[in-house]
Each structure stands twice: as structure tokens, then as C-alpha cells.
Amino acid sequence: MNPVLASIQNLSISLGGRQILNGVNADILRNKITALIGLNGSGKSTLLKALIREIPYRGQIKFFCGHDHTLPQPKHVGYVPQKLAIDGRLPLTVREFFALSLQRRPIFLGIAERVTQTADRLLSIVGARHLLNRPIAKLSGGELQRVLLSLALQPNPELLLLDEPAAGIDFADEKPFYDLLADINRRQGVSILIVSHDISIVSEHSHHVLCLQNGKVVCQGPPGEVLTPELMGTTFGQGKRLYGHDHADGEHCEHDDGCGHSHGM
Ligand SMILES: Nc1ncnc2c1ncn2[C@@H]1O[C@H](COP(=O)(O)OP(=O)(O)O)[C@@H](O)[C@H]1O
Ligand SMILES: [Mg+2]
């Protein structure tokens with residue numbers, strides 16, 4: 001059995017005349033949780049967008065999919081973007097938002113009972129059933145992330161790409177959220193690639209870690225081997241901390257001072 005679901009080989013991306021990713025070599029492991037870490041601006045979101053072929057790249061992304069691992073593409077990839085800017089006036093409930101993806105007929109003709117049942121089931125998985133009839137544009141960041149995650153689970157993805165899914169979630173809610181991902185990974189055997197800033201969560205929940213620095217993978221391996229104090233010092237700069245969250249106003253927080261909270265390392 002090939003333990004690798006996707007092999008990224010010599011992947012380079014230039015955007016706006018700048019080289020963003022530069023010869024990235026990395027593996028995403030089958031049925032495992034792979035964590036992608038790195039400072040803001042290191043190219044994490046860009047790498048995820050290349051994996052869903054949102055942006056052109058040089059190099060290769062080879063998938064080994066299907067039950068015999070010979071399919072060149074995953075049948076379904078679930079993707080939860082880092083930020084989804086939803087117009088505050090968008091007059092859609094969560095149920096209607098699901099219907100846009102889950103039913104063929106236009107939603108002005110009504111929502112199929114099947115859609116409501118599926119939405120209810122998917123929202124239950126992420127503990128967000130109560131959001132079914134809420135306006136999507138009025139959800140908090142964490143509520144929206146849960147809705148997007150539940151939508152990404154349908155149809156059953158072979159690969160789930162999550163770009164800082166916990167960024168909008170209160171610190172107190174984060175652990176259950178990652179427990180939930182671990183559960184989805186175990187029960188459904190979904191391979192997960194997750195971008196995270198939280199080293200303690202990464203070391204607890206991931207099987208494989210990729211460290212990105214200035215558009216290059218500078219280390220990869222099991223968290224116990226990769227997440228050494230030396231690496232944190234040399235790779236991410238003395239005194240730099242990976243944890244800290246993107247704030248709603250766009251302020252980036254790479255140090256734990258003045259950021260409300262920090263997570264132990
Ligand atoms: N469409 C784009 N055009 C030009 N530069 C971009 C574009 N998208 C991202 N970048 C730049 O690429 C770098 C990496 O961005 P990103 O992948 O979002 O990093 P990360 O997710 O690690 O914070 C940043 O310097 C960002 O400004
Ligand atoms: Mg990003």
C-alpha cells in the first residue's frame with residue numbers, strides 16, 4: 001500500500017512577478033493528518049490553491065488515488081479556504097447555501113427535502129445543527145468555518161484541505177474542533193492537509209509535518225522529529241513564534257505579546 005496520497009515535486013509558483021513557491025518537494029500522507037506550518041507569507045495558502053488547481057504551477061503534483069492507488073486525481077477534494085468574504089447583505093440561510101451546492105434545480109423553486117436532511121446530517125457532524133436556518137452572512141468566523149467544513153465533507157472527500165480552519169474559533173473551542181478533525185480522519189479515513197499556527201495542536205493531532213519557509217519546504221517528518229526547539233529557532237527565527245492568529249482587522253500576530261492569548265509550546 002502506497003503511504004503517499006500526493007507527491008509534490010519541484011513545485012514553483014510565481015504571482016505578480018514574484019516567486020512565491022520555489023522548488024517545493026513534499027508528500028501528503030494517505031489516511032493521515034499532514035500539517036503545513038510556516039510564518040505568514042511563506043506560501044501555505046498558495047500551496048493549497050495549487051493542489052486544487054486554482055493557480056498554475058511549474059513542477060508536478062502526482063496523486064495516487066482510488067482503492068488501487070492508480071487514479072491520477074482524487075474523486076473529491078474538500079477545501080475550506082482561509083477566508084471567505086461573504087457580502088453582509090447576502091440574503092441566504094445556511095440551508096439555502098447548502099442547496100446551492102447540493103441540488104440541481106434553482107433554489108427559487110424550493111429546497112428539496114433531501115437537501116435539508118443532508119445539511120442537517122453534515123452540520124450535526126461538526127456540532128452546528130443549530131445554524132441550519134441562520135443567515136449565512138451573519139455567522140461568526142468560527143460558525144462559518146464549521147459550515148464550510150461540513151459542506152466540504154459532501155460528497156465524501158478523499159482529501160480534505162483546510163486553511164487555518166481554527167482562525168475564527170475561540171481559543172476554548174479549538175481543541176474540540178481538532179478532536180473533530182481527528183475523528184473524521186479516523187472514522188472516514190480521509191487524508192487531511194491542514195494549515196495551522198498552533199504548534200501544540202499540530203504536535204498532538206498531526207502525523208506528518210511540512211515546514212514552509214520563504215516558499216521552500218525546509219523540513220518534513222513526524223511531529224516528534226520535526227518540531228524541535230532548534231527548528232523553531234533556526235527556521236522561524238529566534239524569538240519568533242508560529243502561533244498567534246490572524247486578526248479580523250488583518251493584523252498579523254507572530255509574537256505572543258499583545259495578541260490576547262498564546263498557546264503553549
Ligand atoms: N495573487 C497574488 N499576487 C501576488 N502575490 C500574491 C498573490 N497571492 C499571494 N501572494 C503573495 O504570496 C506570498 C505568500 O502568500 P500566502 O500563500 O497567502 O502565504 P501564507 O498562507 O503562508 O500566509 C505573500 O507574500 C503574498 O502576498
Ligand atoms: Mg494563508
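Using heavy atoms of the protein chains and a probe of 1.4 Å, the accessible area assigned to Tyr178 is about 10 Å². Only protein heavy atoms count here; on that basis, with a 1.4 Å probe, Thr46 has an accessible area of about 20 Å². Measuring between alpha carbons in the structure, the pairs from Lys83/Lys175; Lys62/Lys175; Lys44/Lys175; Lys138/Lys216; Lys49/Lys75; Lys44/Lys138 lying more than 26 angstrom apart are Lys62/Lys175; Lys138/Lys216; Lys44/Lys138.
Eigenvalues of the alpha-carbon gyration tensor of segment 84-154, scaled by 5 and square-rooted, set the equivalent ellipsoid semi-axes at 17, 15, 10 angstrom, largest first.
Suppose a student asked you for the relative contact order of segment 1-137, using Cα pairs under 8 Å spaced at least 6 residues apart; what percent would you report?
Values: 171 pairs, mean separation 26.9, N = 137.
RCO, segment 1-137: 20 percent.
Write down the accessible area per residue of segment 84-154 in Å², having rolled a 1.4 Å probe over the full set of protein chains. Please report the intermediate quantities before stating the final value.
Values: 3800 Å² over 71 residues.
I get 54 Å² per residue for this part.
Taking Ile194, Ile136, Ile111 in turn, the Gaussian network model of the chain (Cα-Cα springs below 10 Å) assigns the largest fluctuation to Ile111. Charge tally for Ile201 (other residues, Cβ to Cβ under 11 Å; Lys, Arg +1; Asp, Glu -1): -3.
Heavy atoms only, probe 1.4 angstrom, no DNA, RNA or ligands counted: give me Phe97, Phe108 ranked by accessible area, highest first.
Solvent-accessible surface, decreasing: Phe108, Phe97.
Across every direction, the projection of the convex hull enclosing the Cα atoms of segment 31-124 has a mean area of 9.6 nm². FRET efficiency for the pair Glu204 and Arg105, taken as 1/(1 + (r/R0)^6) with r the Cβ-Cβ distance and R0 = 41 Å, rounds to 0.40.
List the relative contact order of segment 84-154 as a percent without decimals, with contacts defined as Cα pairs under 8 Å and 6+ residues apart. Numbers along the way, then the final one.
On the way: 72 pairs, mean separation 27.7, N = 71.
Result for segment 84-154 is 39 percent.
Global size of the chain: 18.6, 60 Å for Rg and Dmax (C-alpha atoms, Rg to one decimal, Dmax whole).
A simple spin-label model places pseudo-atoms 7 Å from Cα toward Cβ; at Thr70 and Asp120 they are separated by 4.3 nm. Share of carbon and sulfur in the accessible area of the chain stands at 51%, probe radius 1.4 Å.
The values are calculated or read from the model by the stated rules, or taken from the named source; none is laboratory data. The structure displayed is predicted, hence computed values, not measured ones. We place every Cβ from the backbone using ideal geometry, glycine too, and count neighbours over all the protein chains shown. In case anyone asks, the SASA skips ligands and DNA or RNA and just uses the protein heavy atoms, side chains included. Shrake-Rupley method; radii C 1.70, N 1.55, O 1.52, S 1.80 Å.
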